[in-house]
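Take a look at the structure set out below.
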Amino acid sequence: MAKTLETHSPTGAAENSNTRQHRMPFGAELRQDGNVCFRLWAPAAKEVDVSLTFDKSHGTNTSGNQTSTSIPMDAEPDGWFSVTTNGANVGTQYRFCINGDKHVPDPASRFQPEDVHGPSEVINPCDFYWHDSTWRGRPWEEAIIYELHVGTFTPEGTFAGVQQKLDYLVDLGVTAIELMPVADFPGARNWGYDGTYLFAPENHYGRPEDLKALIDAAHARGLMVFLDVVYNHFGPEGNFLHLYSPQFFKPRCHTPWGAAINFDGKHSYWVRQFFIHNALFWLDEYHFDGLRLDAVHALVDDSKLDILTELADCVYNTFGEQRHIHLMLENDNNASHYLTRDERHYPKKYVAQWNDDIHHAIHVLLTKEENNYYQDYTDDPMQYLGRCLAEGFAYQGERSAYRGNTPRGESSAHLPATAFVSFLQNHDQVGNRAFGDRINSLISPEQYRAALVLLLLAPSPPLLFMAQEWGSFQPFPFFCDFERGLTRKVIAGRNSQFKKQSIKKAIPNPADVDTFLQAVINWQDCNQPQHNQWLELHRELLKLRKSEVIPRLKSMKGNQKAFNRLSHNALSASWFLGDGSELVVVANLGDEAITKVDLPCKPVLYATHNEKTRQTCDNRLSPWSVVWYLDKKLQAFG
């Protein structure tokens with residue numbers, strides 16, 4: 001088979017605007033004539049059969065009424081095996097038999113009904129009828145992101161459970177939900193970053209049509225849906241690629257979570273296509289509005305055209321300007337060249353990066369913590385915060401003590417503030433703590449309010465972590481459900497990690513069901529008076545963001561560098577927005593009031609404290625106070 005991608009066009013010719021199927025060279029595909037084509041890239045295998053299991057009516061499997069058959073697959077050039085048969089249909093379960101011995105699931109399986117060790121299932125994507133044919137997404141400037149974990153967001157822990165909360169999220173004021181990874185993982189409980197079958201939605205969350213129904217319903221309400229994807233490693237359990245396709249991995253090269261993916265070595269072409277097609281698959285067949293690529297700093301790729309660039313090019317070449325598609329990065333390297341804009345101020349590759357720097361700086365200001373990566377911000381957290389507000393990254397090539405005194409980052413001042421996603425909490429910054437405690441359990445209400453007001457009205461798109469909007473104190477600890485031997489290693493690793501931090505108390509066992517249950521959101525809490533006030537604050541701020549800030553963000557430029565220190569714990573920052581308006585913030589993030597401060601004589605947009613400050617110029621800043629000003633040069637638009 002020639003080394004060319006079979007198609008980059010979204011949806012095949014057989015579909016209309018209400019059905020979608022991404023065509024790819026991997027996996028099982030139901031053809032228009034009713035046959036099923038099975039394809040596997042197995043360059044280390046001598047022979048491959050496909051073993052089929054189905055009920056006698058070729059429908060969904062039923063116990064005691066099954067038949068099985070094995071069909072030899074034809075060997076093709078470049079390590080491929082394929083067969084097209086009328087002996088399979090929708091609902092048929094199948095495995096590949098390698099060299100007449102080992103039976104394995106399909107690495108490009110669209111569904112794993114019995115988890116990562118079970119058979120794959122033939123799915124007809126066109127069986128789902130979409131209702132969002134007119135949906136084109138939303139511009140990036142409108143993004144207000146709500147990150148959630150499907151398994152803990154509702155008591156049901158399913159896609160259908162999330163769907164039931166969509167009206168609540170619309171009322172809250174967010175414009176996008178971001179799902180933590182849903183690729184099928186081992187066991188019933190996992191954060192999702194140990195996914196093994198990257199094309200198959202997690203079976204404990206629901207079937208493919210349940211995820212599609214969630215996205216369809218979100219679009220009907222004007223909500224974008226983003227997906228977190230993991231391309232730096234495969235999960236440690238249920239991955240059989242080493243058996244028949246070791247070319248997927250780089251020998252003697254590892255990430256912190258497993259063997260590194262072979263993106264630049266011999267035989268890497270089809271490896272790259274596997275991941276590129278995965279991105280296209282979620283955006284096309286499931287109609288996601290964007291992807292967040294997890295921990296791309298762990299990708300090992302010395303190609304002239306690296307995988308991040310090629311993937312972004314393929315996505316934008318495929319969808320063009322048909323829809324708003326947003327690609328985001330988590331990148332500890334602070335590599336700003338992936339975020340560059342063109343002359344129209346549109347992103348060339350990736351629209352934004354999760355900005356850990358701004359989180360770390362404000363976290364140190366609020367908590368005074370110095371462990372782990374926080375040590376890089378302890379000398380002057382206010383300076384780092386100001387630089388983040390004005391320029392994006394705090395580290396733009398400076399040496400990082402936490403990373404062995406090595407340089408970190410690239411210059412980012414030329415980028416607009418919209419290229420950086422800011423947050424006070426997310427799954428990592430809560431869940432990677434020993435006990436999964438949220439920041440509002442570590443600080444005072446005054447501090448929490450100041451931080452929220454600062455981040456939710458700033459030009460950078462904000463991200464909320466589920467239940468932060470009502471000030472939930474529920475932890476989000478790390479949890480998993482691996483086989484026993486792997487679980488022991490995970491527990492030992494976490495104990496070793498936190499022992500270095502001098503944590504004496506026993507940390508939660510990630511394999512214990514009770515650890516998982518701690519994280520399941522208690523929706524009764526948001527109705528309590530002490531929580532409802534935070535919910536109303538979030539609603540108020542997001543409503544103000546929508547009406548006054550978002551309409552002015554389009555075509556916002558970089559190279560502004562406008563922030564000033566007012567005292568050790570106070571600063572001001574300003575931005576010229578895309579319509580020429582000036583947005584200014586003045587913040588005192590300390591325990592002492594500051595007097596004789598020259599505050600702007602501009603219209604006040606929002607203030608945390610007294611009504612006088614909301615209306616007029618003043619020269620005093622109360623402790624933990626934030627004041628936003630908006631000097632409108634043009635009328636709001638959009």
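Among the conditions (1) part of a strand (DSSP E or B); (2) surrounded by 19 or more Cβ atoms within 10 Å (Cβ to Cβ); (3) at pLDDT below 95, His233 misses just one, which is (1).
In the range 454-470, the count of residues that are without any contact (Cβ under 8 Å) to a residue 60 or more places away in the chain and aromatic (Phe, Trp, Tyr) is zero. Filtered by the rule that a residue be of a type in the set (S, T, N, Q) and at pLDDT 85 or above, the range 578-621 gives Ser581, Asn588, Thr595, Thr608. When residues in the range 312-349 are screened for being in contact (Cβ under 8 Å) with a residue 40 or more places away in the chain, within 14 Å of Leu293 (Cβ to Cβ) and part of a helix (DSSP H, G or I), 2 of them pass. In the range 181-193, the residue that is surrounded by the most Cβ atoms within 10 Å (Cβ to Cβ) out of those that are more than 12 Å from the chain's Cα centre (by Cα) and small (Gly, Ala, Ser) is Ala183.
Cβ-Cβ distances below 8 Å connect the following pairs, each with a first residue in the range 551-567 that is in the same structural domain as Asp579 (by TED's automatic domain parsing) and farther than 12 Å from Gly578 by Cα, a second residue that is surrounded by 17 or more Cβ atoms within 10 Å (Cβ to Cβ) and among the β-branched types (Val, Ile, Thr), and a separation of six or more residues or different chains: Leu566/Val586; Leu566/Ile594; Ser567/Ile594.
Candidates in the range 536-572 are the residues that are buried (at least 19 other Cβ atoms within 10 Å of the Cβ) and out of contact with any strand residue (DSSP E or B) (no Cβ under 9 Å at 6 or more places or on another chain); of these, the one that is nearest to Ser622 (Cα to Cα) is Leu537.
Summed over the range 281-298, the residues that are crowded, with 20+ Cβ neighbours inside 10 Å, in a loop (DSSP other than H, G, I, E, B) and out of contact with any strand residue (DSSP E or B) (no Cβ under 7 Å at 6 or more places or on another chain) give a count of 3. Kindly check whether there is at least one residue in the range 504-513 that is buried (at least 21 other Cβ atoms within 10 Å of the Cβ) and over 23 Å from Leu148 (Cα atoms). No, the range 504-513 contains no residue that is buried (at least 21 other Cβ atoms within 10 Å of the Cβ) and over 23 Å from Leu148 (Cα atoms). Residues in the range 518-550 that are of a type in the set (Asp, Glu) and touching a residue at least 40 places away in the same chain (Cβ under 8 Å): 2 in all.
Checking the stated criteria, Glu178 turns out not to satisfy the condition of being surrounded by fewer than 18 Cβ atoms within 10 Å (Cβ to Cβ) and of a type outside the set (Val, Ile, Thr).
Of the residues Ala511, Ala450, the single one that is of a type outside the set (Val, Ile, Thr) and either part of a loop (DSSP other than H, G, I, E, B) or in contact with a His (Cβ under 9 Å, 6 or more places away or on another chain) (or both) is Ala511. Scanning the range 194-230 for residues that are of a type in the set (Phe, Trp, Tyr) and either on the phi > 0 side of the Ramachandran plot or at pLDDT below 95 (or both) returns no hits.
Thr196 meets the stated requirement of being outside the structural domain of Arg39 (by TED's automatic domain parsing), over 30 Å from Glu321 (Cβ atoms) and surrounded by 24 or more Cβ atoms within 10 Å (Cβ to Cβ). Under the condition of being in a loop (DSSP other than H, G, I, E, B), crowded, with 22+ Cβ neighbours inside 10 Å and over 19 Å from the mean Cα position of the chain (by Cα), the residues counted in the range 454-471 number 3.
Only a single item in (1) of a type outside the set (Gly, Ala, Ser); (2) part of a loop (DSSP other than H, G, I, E, B); (3) modelled with pLDDT of 95 or more is not met by Thr60, and it is number (3). The one condition from (1) surrounded by 15 or more Cβ atoms within 10 Å (Cβ to Cβ); (2) at pLDDT 95 or above; (3) over 25 Å from Leu385 (Cβ atoms) that Trp575 does not meet is (3). Evaluation of Pro475 against the conditions (1) assigned to a loop (DSSP other than H, G, I, E, B); (2) in contact (Cβ under 8 Å) with a residue 60 or more places away in the chain shows that the sole unmet condition is (2). Taken together, the residues in the range 128-147 that are under 12 Å from Leu223 (Cβ atoms) and not in a helix (DSSP H, G or I) amount to 8. Scanning the range 36-50 for residues that are among the charged types (D, E, K, R) and either part of a strand (DSSP E or B) or at pLDDT below 95 (or both) returns Arg39, Asp49.
Which of the residues belonging to the range 571-598 are touching a helix residue (DSSP H, G or I) at 6+ places or on another chain (Cβ under 8 Å) and not polar (S, T, N, Q)? Leu571, Ala573, Trp575, Leu577, Gly578, Asp579, Leu583, Val585, Ala587, Leu589, listed by residue number.
The values are calculated or read from the model by the stated rules, or taken from the named source; none is laboratory data. Because the structure is a prediction, the values reported are computed rather than measured. FYI the Cβ positions are ideal-geometry reconstructions off the backbone, even for glycines, and counts take in every protein chain you see.
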